[in-house]
Amino acid sequence: MARKKSKHIRIEFKKNRETRQRQADLTKDFHQSDEEIDTKSSERVSGKGNLTRRRTVTTEDDGRADNQDAASVLAVSEKDTLLGRVLRVHGLECVVSTEREEVYRCAVRRLLKTVSTDQRHVVVAGDLVRFRPEGKDQGLIVRVEPRRSQFCRSVRGKRHVLVSNVDQLLIVTSAAEPNFKPNLIDRFLITAEQNELDACICINKCDLIDPAELQQPIGVYAQMGYRVVMLSVQEGWGIEEVKNMLGTSTSVVVGQSGVGKSSLLNALFPEFNLRVQTVSEENQKGRHTTTTASLLKLPSGATLVDTPGIRQFQLWDIVPEELTTLFRDFRPFADLCRFPNCSHQHETDCAVKDAVADGLLDVRRYDSFCHILSDGAPSQGGVYDYEDFADDM
Ligand code: GDP
Ligand code: ZN
């Protein structure tokens, strides 16, 4: 048998490898579970300064090109690989679905994990990947296609991609039981803005109110360019409209419990129930680890990301200086404030406050802004739990 040709490439360090760990590293277990350590590659560290440090990796991969750089080694022949989308990641295993809806359980090629990256996980749910099938339903992911968007969680300035290639946030709320909470909608809209995603707002249980009651807040959101649908799953109102809003995009579902998310998903897609159950059984890991995202592909061509941890928590630290830019209706006025770092609270010549006084900005949106500003520091070690959102806010 012909010997596999070894190949040496020079690559950047990962962030977490820039300094060597001490032998008796007390947090070693933690580090290892966070980012699995690659033990098989041989590693050499030169005695040069930090800036010029590279790592030499010896690989037995089928390097086709002779160029000695990572990019060419990562070039992948499309001939013997399939294109798929990662539905979810379970430890070292990625569940990948092809265009023909065939599902493969894939490992990730070691070299992909070695190449420099800031991400905690090289492959996340939502990724489009090329993989080499092995046997009937197994495979090896050899390339991750560039992501067109990333839905992240950020705690104390560290970003962690939860799911990629997402188009919009589907915010599900209720007109009553639980109360309509526009201030909570505002927080979800911030998440959409932070991730540069579209947002659509579904207001369920409209059978319980006089729809005229919501005309004003809905007008405000519509004016800001967000799509709003009033519906009642119970009465069958507005379901088609929601279906149209989903289209063939990938939508992340968010909303407090009790607003009718499960009922809505069941009404949209009657076979949904089963799939949701299967996924949540696999995810029974407790409250703080359920941000592992799962994609559900629906017969209509829509894809939903419905994950308890994503539904439930505010996923970003709110940096007060950035809050104005996340309120899209404030932006045109904020540019006119006297002080560029105006907090729109106590400053003189504040164009935002003037706009509120002149009726050009919604008073409730302004109140909501002030609330978030004063309450912005997340509770629970960086994560704000929406389930704790008070009824009267
Ligand atoms: P989830 O926690 O967001 O998934 O909410 P569920 O789908 O479990 O619904 C919570 C409760 O609201 C259930 O008792 C549903 O029957 C009820 N519900 C759902 N949709 C409607 C609706 O359109 N109108 C009314 N009145 N009740 C609804
Ligand atoms: Zn101002």
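The values are calculated or read from the model by the stated rules, or taken from the named source; none is laboratory data. Treat the numbers as computed from the prediction; the structure is a model and nothing was measured. FYI the Cβ positions are ideal-geometry reconstructions off the backbone, even for glycines, and counts take in every protein chain you see.
Observations
- Residue in the stretch 242-262 that is without any contact (Cβ under 8 Å) to a residue 60 or more places away in the chain, within 23 Å of the chain's Cα centre (by Cα) and near ligand 1 (Cβ under 9 Å from one of its atoms) present: yes
- Verdict on residue 199 being out of contact with any Leu (no Cβ under 9 Å at 6 or more places or on another chain) and either at pLDDT 95 or above or within 16 Å of ligand 2 (Cβ to nearest atom) (or both): no
- Residue count for the stretch 144-179, restricted to those that are over 28 Å from residue 247 (Cα atoms), in a strand (DSSP E or B) and in contact (Cβ under 8 Å) with a residue 40 or more places away in the chain: 3
- Residue among 292, 325 that alone is surrounded by 21 or more Cβ atoms within 10 Å (Cβ to Cβ), closer than 29 Å to residue 126 by Cβ and within 20 Å of the chain's Cα centre (by Cα): 292
- Residue 135 meets the conditions (1) free of Cβ contacts under 8 Å to residues at least 24 places away in the same chain; (2) closer than 27 Å to residue 265 by Cα in every case but one. The failed one is (2).
- Of all the numbered requirements in (1) under 25 Å from residue 325 (Cα atoms); (2) within 16 Å of ligand 1 (Cβ to nearest atom); (3) among the polar types (S, T, N, Q), residue 195 misses one, and that requirement is (2).
- Hits in the stretch 110-130 - residues which are at pLDDT below 90 and either of a type in the set (S, T, N, Q) or more than 9 Å from residue 144 (Cβ to Cβ) (or both): 110, 111, 113, 114, 115, 116, 117, 118, 119, 120, 121
- Being at pLDDT 95 or above and basic (Lys, Arg) is a description that applies to residue 365.
- Selected residue (criterion: nearest to the chain's Cα centre (by Cα)) from residues of the stretch 296-309 that are part of a loop (DSSP other than H, G, I, E, B) and away from ligand 1 (no atom under 16 Å from the Cβ): 302
- Test result for residue 211, more than 29 Å from residue 317 (Cβ to Cβ), surrounded by fewer than 22 Cβ atoms within 10 Å (Cβ to Cβ) and either within 13 Å of ligand 1 (Cβ to nearest atom) or free of Cβ contacts under 8 Å to residues at least 40 places away in the same chain (or both): yes
- Identity of the residue in the stretch 151-187, more than 28 Å from residue 122 (Cβ to Cβ) and in contact with a Gly (Cβ under 8 Å, 6 or more places away or on another chain), that ends up farthest from ligand 1 (Cβ to nearest atom): 171
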